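Q: Can you keep this structure in mind? I'll have questions shortly.
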């Protein structure tokens, strides 16, 4: 009978009908307590909505949160694993802990207990999250598939008045003409950087907050570490795409000197600024005549993108006592019953909330559905100190990008292999 129940369980999740009382009743956890361990209370909002109480009744279980400090959460999770206390745990995973947990062999590969079809719907709309929480050919994320753009995604805002005053092209025109690329982006940044009074100090800059390794690298269609043929992550800092991005970024930062050292976008003295999603509400009320647009496309990129450096999800410990049933409970709580409708509504909410004009709205209406599927979550947290130092030397012109990044390739790969236990 137990095997029959598990077959029904998988069918329930694959059909996305887990909200049905009749089907959910097939999962009887016998009053067990599922503990959601994370740096924040993942159940707080669901508890207020009454969803947690519903799940407890439907699945005959108890649900509780265990909130732990970020700086000790990996050790605490591993301690729970070793002691056996984690058998009915669900773990909040993110950039700060995921790779460390994989390296400690503490997470259960979800694809070892659920079939490939379980991920089909999420792959259509949240492929970046699945890609990010995969290692060694295994997938470690379940139920909570974070979609892009998220709160940590950087958008590109620009001051329309500065560009108009300098007689510079409109980024919307460039985008719509298929010419929103690095070369034209650089022309705008250089054209907007001005010393008005001739005292040798720039009074107006082209951009603020530009991180070459993040904003420029991702706009060239690549990541810092990429899966090899065997599914294991490989050092990619010396790939042609990354080297090209470092060279271009070095040109902007050190030769053109278009990147403001002290902000100024909010004060109207900087033309462009990278703005995280959480910053856009403030921009809306700033009174600035601004535009919002995806990043310009690098020469090696297939399309436009935006930078995301953080993603969260849920994982299960390696000793999970009933992973299929626990995943079913989490699906009931976190997984949209209609992923397409959910994401379409979410995209339009962001467009209506953040796009300041019709042209920006039209651009993002076309861009966001593709970005949902193909956006990158930059895996910079896998970078060894020696690699960071080499990158700075390359960006600042002390060495060529190829020389600097090739010199530390072996160290970068060794650090990665040790971290992930590859």
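The values are calculated or read from the model by the stated rules, or taken from the named source; none is laboratory data. All of these numbers come straight from a predicted model, not from anything done at the bench. Every residue, glycine among them, receives a Cβ derived from its backbone with ideal geometry; neighbour counts consider all protein chains shown.
Q: Do we find that residue 266 is more than 20 Å from residue 223 (Cα to Cα), touching a helix residue (DSSP H, G or I) at 6+ places or on another chain (Cβ under 7 Å) and surrounded by fewer than 20 Cβ atoms within 10 Å (Cβ to Cβ) in this structure?
A: Values: more than 20 Å from residue 223 (Cα to Cα): yes; touching a helix residue (DSSP H, G or I) at 6+ places or on another chain (Cβ under 7 Å): no; surrounded by fewer than 20 Cβ atoms within 10 Å (Cβ to Cβ): yes.
No; evaluated as a whole, the condition is false for this residue.
Q: Might you check whether a residue that is in contact with a strand residue (DSSP E or B) (Cβ under 7 Å, 6 or more places away or on another chain) and more than 22 Å from residue 35 (Cβ to Cβ) occurs anywhere in the range 80-88? Walk me through it before giving the result.
A: First, pick out the residues of the range 80-88 that are in contact with a strand residue (DSSP E or B) (Cβ under 7 Å, 6 or more places away or on another chain): 80-81, 86, 88.
In the following step, the residues that additionally are more than 22 Å from residue 35 (Cβ to Cβ) were identified as none.
No, that holds for no residue.
Q: Then there is this: Might you let me know whether the range 132-140 holds any residue that is in a helix (DSSP H, G or I) and either in contact with a helix residue (DSSP H, G or I) (Cβ under 8 Å, 6 or more places away or on another chain) or within 23 Å of residue 343 (Cβ to Cβ) (or both)? Before you say what the answer is, go through the steps one by one.
A: From the range 132-140, those in a helix (DSSP H, G or I) are 132; that's our starting set.
This time we only want the ones that are either in contact with a helix residue (DSSP H, G or I) (Cβ under 8 Å, 6 or more places away or on another chain) or within 23 Å of residue 343 (Cβ to Cβ) (or both), so: 132.
Within the range 132-140 (the criterion being in a helix (DSSP H, G or I) and either in contact with a helix residue (DSSP H, G or I) (Cβ under 8 Å, 6 or more places away or on another chain) or within 23 Å of residue 343 (Cβ to Cβ) (or both)), the answer is yes, since at least one residue qualifies.
Q: A further question follows. For the range 43-126, please list each of the helices (runs of 4 or more DSSP H) lying entirely inside it that holds at least 1 residues being within 23 Å of the chain's Cα centre (by Cα) and closer than 29 Å to residue 343 by Cα.
A: Details: elements: 44-49, 51-59, 73-83, 98-103.
Because the criterion is at least 1 residues that are within 23 Å of the chain's Cα centre (by Cα) and closer than 29 Å to residue 343 by Cα, the helices (runs of 4 or more DSSP H) in the range 43-126 that meet it are 44-49, 98-103.
Q: So, residue 211, is that one buried (at least 17 other Cβ atoms within 10 Å of the Cβ), modelled with pLDDT under 95, over 24 Å from residue 362 (Cα atoms) and within 27 Å of the chain's Cα centre (by Cα) or not? Even if it seems obvious, please write down each step before you answer.
A: Values: buried (at least 17 other Cβ atoms within 10 Å of the Cβ): yes; modelled with pLDDT under 95: yes; over 24 Å from residue 362 (Cα atoms): yes; within 27 Å of the chain's Cα centre (by Cα): yes.
Here the answer is yes, as residue 211 does meet what is asked.
Q: Take the residues in the range 260-280 that are free of Cβ contacts under 8 Å to residues at least 60 places away in the same chain and not in a loop (DSSP other than H, G, I, E, B), then tell me which one is farthest from residue 244 (Cα to Cα).
A: 279
Q: What number of residues in the range 356-409 are surrounded by fewer than 17 Cβ atoms within 10 Å (Cβ to Cβ), touching a strand residue (DSSP E or B) at 6+ places or on another chain (Cβ under 8 Å) and not in a helix (DSSP H, G or I)?
A: 1
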